[in-house]
């Protein structure tokens, strides 16, 4: 099965499962970015030819800070998440034996700035506990995997 055929079946499955139009559009856009990145003629490739190394290079491409407009971490994670879900679906349906995205982390380690329960709710300039300041101060990861100051959660 080619990547284009697999992509079409995945889109049909999202519709059948009653995913919202917005969700389907996000998958279409994010998987489309991946297929564009693979290059011209990528859609004619067999799904079994996509390797983990290619997925990792795509992730590095998304994280490239030398780009004129670097992608936000959330955008990077969203694009990788869509590709991961697509390949997981291919495994569930028996088109692949194992997903090339298995074990791929959506955001690079040490760059996960999700809000921790210990962070202030507002983004006021007087706050000294912003994710970037916490990261710079050598903080640890809390039980949620977010950066925090190591104190017990409230």
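Read-outs throughout are calculated quantities, based only on the coordinates presented, and are distinct from any laboratory measurement. What you are looking at is a predicted structure, and each value in this text was computed from that prediction instead of being measured. Here the Cβ is made from the backbone with ideal geometry for all residues, glycine too, and neighbour counts use every protein chain on show.
Projected label points at residue 98 and residue 20, each 7 Å from Cα along the beta carbon direction, are separated by 3.6 nanometres.
Counting pairwise Cα distances across the stretch 3-92, what percent come out greater than 17 angstrom? Distances greater than 17 Å cover 49 percent of the Cα pairs.
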